[in-house]
Amino acid sequence: MMMGRLPRIILLSIAFMWPPHPAAAPKAAVDGDRAFLAAQDAFRLGERVRLSRLMDALRGHELAPWAEYWLLRLRLEEDAANGVRDFLVRHEGSYLAEKLRADWLKTLAVRQEWTVFQEEYPRLAQPDREVACHALQGRLVRQRDITALDEARFLWLSALDLPESCTPLMDRLIANGRLSDEDIWTRTRRLLEAGKLPAAREAISYLPSGERSDAHALDAVIAAPARHLARLPAHFADTRAGREMALFAVQRMARNDPLAAAAQWQTVETRFSDADRAHVWGRLAWQAAMQHLDEALDWYDKAEGSQLSDEQLAWRARAALRAGDWRAVDQAIARMPPPMGAQPGWTYWLARALVEQGRRDEAQALYRKIAGQPNFYGNLADDELGRPITVPSAAEPPSAEELAQAAANPGLQRALALFRLDMRVEGVREWSWALSGMDDRQLLAAAEWASRHDALDRAIHTADRTRVEHDYRLRYPAPFRESVEPKARELDLDHGWVYGLMRQESRFVANARSSAGAKGLMQIMPATANWVAKKIGLTGFRLASLGDTDTNVKLGTHYLKMVLESLDNHPVLAAAAYNAGPNRARKWRAARPLEGAIYAETIPFSETRDYVKKVMSNAVYYAALFEGKPQSLKSRLGVVRPKGGDAEAEYLP
């Protein structure tokens, strides 16, 4: 969002201002922060009077709008909307205005104030599912717009969780005869397959009582699917509930043992329709592909005629890659919906399949579509075209005026203040919202401003969004070099690769902590930290030390070296192991040599698959920055040797 021009003297003073050291922060700022935290506490406790009293102490503070938002939220809970419109006008376009408008709309819907609701709803930029269902309900009630039920039916047939606000719509669909028993079973099946068991139980409750599956039967299938299949009564297939529970049991069993599930399925599949048989073979094939079983492609053939999900289609192509069957890769990608097949990954693999089938000119055209993109597949396409990967020329640095505009952006100001108070989730949302609509120059200025305030994760996130003008110094920062480079040299680690991994692990947020408990720059789990500390003789180590940069880097690089040495000194395997564990990385190798790119593409865990690709692409750019010369991703990925014949591997956590 562009702001008016500021006087030159102010521009210069803002643009070159450095974030003050916390110890040197003015007393007023410290007092303001304390008042803000007290306001947050009052909001959490629902103490509106105390929160109102704290507003004076927050006058002029960057986060005063947050306290005002909290106060208005509490008023809404008391059915009082006074002050809401004024706040929305003053903060129009901001993240807080979006939050408050959504809260107000939910309150209006509960009160059935549909006239005001329909005035405000179009101003909401990103309605969540709860508000969207309220909007459909409002159209039904106020406008008698029956097309709202068609949109509600689309929600029903998805595997989405539906909030309570959608329930009246679903009840209306049933009452109007717009949801058949078949529709109810379709949703139930999709929810069961997605593992959304409470939502599946709720869907089943819409069936007539005589057609529902017994709740205990569903629980029995969840707990012991093989036992359920082994004890199927002779006439189980006479009812829809009996058939659906058997189908669910086969698919539940396949998660752990696709071969055993397929064997069980073959004993009963004649009791099912052609459509059901194709559907189940598609689910079995998907599980087999993710577990790298040779049977996967044959089972996909048995699923012909079934409508496969995007995930099933992707794993059909991955199974073909794993088997080295390039014609099957070509055919699998051809079956994908056009938007999916046009994604950079599938564009690259289709080009590779065409080369293997002698259609080099077609392949070259596909490579050129994605070459130059700063990602794993763009890098690989560059390699295939013989274009070494380099860092683009840096854009002109942001001017004093551009930096001043970034510094004066209220959303960015609030984000930095929230980071200062360790409210990272809220700060990230504020920052991301503030970037909406920015052009490259504004993004570069915001990224530079984030970098100057040590918000390196936001600098990376922001610089990554530029479309024409780029600054890879901001995309790929290299902080803490005094800690990282000596350890990398000591352990003979490629420090570009180490930085590529750190960028993916923590985005250089020194106090980062994952939901699983991993800590610090290199996101080390406490148990791993203790094990490595003992292994390297780090005396006096305490888990509290993981927040110390030097200690975190020391333990992380030592562990990375151990993992690397235990996995053929292969960086792709080591990156997979760092994210998912050494045993899994070892298990995911094939019975034959695999290109590193194919190994990465066929990692079963989506998080780890994405992580490895990004770490390896990151490493290419860091190497280009550090070494000042062109790089090749394909040469870094190399070939992963086959499983089997390993020496007794040392235990690694």
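Within the stretch 616-642, residues that are under 18 Å from Leu564 (Cβ atoms) have Cβ atoms under 8 Å from residues that are open to solvent by 20 Å² or more (accessible area, probe 1.4 Å) and of a type in the set (A, V, I, L, M) in these pairs: Tyr622/Ala478, counting only partners at least 6 apart in sequence or on another chain.
Just so you know, in the stretch 232-247 the residues that are more than 16 Å from His216 (Cβ to Cβ) and within 37 Å of the chain's Cα centre (by Cα) include one that is surrounded by the most Cβ atoms within 10 Å (Cβ to Cβ), and it is Leu247.
Out of Ser158, Ser165, one residue alone is in contact (Cβ under 8 Å) with a residue 40 or more places away in the chain and within 30 Å of the chain's Cα centre (by Cα). It is Ser165. Might you check whether a residue that is over 30 Å from Pro398 (Cβ atoms), modelled with pLDDT under 95, assigned to a helix (DSSP H, G or I) and not hydroxyl-bearing (Ser, Thr, Tyr) occurs anywhere in the stretch 17-27? Scanning the stretch 17-27 turns up at least one residue that is over 30 Å from Pro398 (Cβ atoms), modelled with pLDDT under 95, assigned to a helix (DSSP H, G or I) and not hydroxyl-bearing (Ser, Thr, Tyr). Taken over the stretch 88-104, the criterion of being open to solvent by 10 Å² or more (accessible area, probe 1.4 Å), part of a helix (DSSP H, G or I) and either under 12 Å from Pro65 (Cβ atoms) or of a type in the set (A, V, I, L, M, F, W, C) (or both) is satisfied by Val89, Arg90, Tyr95, Lys99, Ala102, Trp104. Has the stretch 119-128 got any residue that is open to solvent by less than 60 Å² (accessible area, probe 1.4 Å), out of contact with any Pro (no Cβ under 8 Å at 6 or more places or on another chain) and over 23 Å from Ala97 (Cα atoms)? No, the stretch 119-128 has no match at all. Entry remark, the stretch 581-598: residues being within 11 Å of Arg322 (Cα to Cα) and in contact with a helix residue (DSSP H, G or I) (Cβ under 6 Å, 6 or more places away or on another chain) number 2 in total. Only one of these is free of Cβ contacts under 8 Å to residues at least 12 places away in the same chain and either within 25 Å of Pro642 (Cβ to Cβ) or part of a helix (DSSP H, G or I) (or both): Glu362, Glu311. Name it. None of the others qualify; the one that does is Glu362. Taking the criterion of being assigned to a helix (DSSP H, G or I), open to solvent by 50 Å² or more (accessible area, probe 1.4 Å) and among the polar types (S, T, N, Q), the residues of the stretch 265-308 that qualify are Gln266, Thr267, Thr270. Scanning the stretch 314-338 for residues that are more than 14 Å from His292 (Cβ to Cβ), assigned to a helix (DSSP H, G or I), in contact with a Leu (Cβ under 8 Å, 6 or more places away or on another chain) and not hydrophobic (A, V, I, L, M, F, W, C) gives a single hit, Asp330. In the stretch 49-73, the residue that is farthest from Gly83 (Cα to Cα) out of those that are under 36 Å from the mean Cα position of the chain (by Cα) and charged (D, E, K, R) is Glu62. Only one of the numbered conditions (1) over 25 Å from Ala408 (Cβ atoms); (2) small (Gly, Ala, Ser); (3) in a loop (DSSP other than H, G, I, E, B); (4) at pLDDT 90 or above is not met by Ala38, and that is (3). Which ones in the stretch 247-278 are hydrophobic (A, V, I, L, M, F, W, C) and within 18 Å of Ser213 (Cβ to Cβ)? If the condition is that a residue be hydrophobic (A, V, I, L, M, F, W, C) and within 18 Å of Ser213 (Cβ to Cβ), then Leu247, Phe248, Ala249, Val250, Met253, Val268, Phe272 are the ones that fit.
The values are calculated or read from the model by the stated rules, or taken from the named source; none is laboratory data. On a predicted model such as this, the values are computed, not experimentally measured, just so you know. Reconstructed Cβ throughout: ideal geometry from the backbone, glycine too, with neighbour counts over all protein chains shown. Accessible surface is based on the protein model in full, side chains and every heavy atom, while ligands, DNA and RNA are left aside. Shrake-Rupley method; radii C 1.70, N 1.55, O 1.52, S 1.80 Å.
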